[in-house]
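One structure below.
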């Protein structure tokens with residue numbers, strides 16, 4: 001997934017693609033407070049245990065840790081507060097049906113800035129089992145070795 005020239009990736013969830021098989025991605029806006037935007041721009045974001053959930057027709061992001069911005073002091077919000085994600089109704093409805101029916105989950109993949117606005121890329125994914133992770137790593141290793149062999153000749 002390549003970002004355009006006007007999109008700067010501020011933070012990436014590296015474990016997401018290892019832990020989950022991502023079937024589809026969706027870009028959503030985030031409802032943030034002023035100092036949170038400054039912290040995201042500085043890259044002070046942790047995705048550890050972060051996930052999204054559809055509740056009462058809205059999408060909410062849980063456990064995303066945005067460190068307090070030093071210069072904001074009293075205006076800082078709770079670092080792990082629940083944040084609302086901004087999507088249109090059709091997208092929310094479609095995500096809700098997928099997550100409910102097929103046992104899938106919404107995983108935050110990265111936070112980037114698009115035309116000055118903080119956006120989050122959500123992945124609709126299925127959790128991987130340990131043997132699936134091993135299989136994926138083995139396949140990547142074989143592809144890498146094959147590429148090296150072709151380059152050597």
Go through the range 117-136 residue by residue and tally those that are farther than 20 Å from residue 64 by Cβ and either touching a helix residue (DSSP H, G or I) at 6+ places or on another chain (Cβ under 9 Å) or part of a loop (DSSP other than H, G, I, E, B) (or both). 5
Determine, yes or no, whether residue 146 is surrounded by 10 or more Cβ atoms within 10 Å (Cβ to Cβ), within 15 Å of the chain's Cα centre (by Cα) and at pLDDT 90 or above. no
Can you confirm whether residue 115 is in contact (Cβ under 8 Å) with a residue 40 or more places away in the chain and over 25 Å from residue 48 (Cβ atoms)? yes
Name, by its number, the condition in (1) modelled with pLDDT under 90; (2) surrounded by fewer than 16 Cβ atoms within 10 Å (Cβ to Cβ); (3) under 21 Å from the mean Cα position of the chain (by Cα) that does not hold for residue 117. (1)
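The values are calculated or read from the model by the stated rules, or taken from the named source; none is laboratory data. Keep in mind the model is a prediction, meaning the values are calculated, not measured. Using ideal geometry, Cβ is built from the backbone for each residue, glycine included, and neighbour counts are taken over all protein chains shown.
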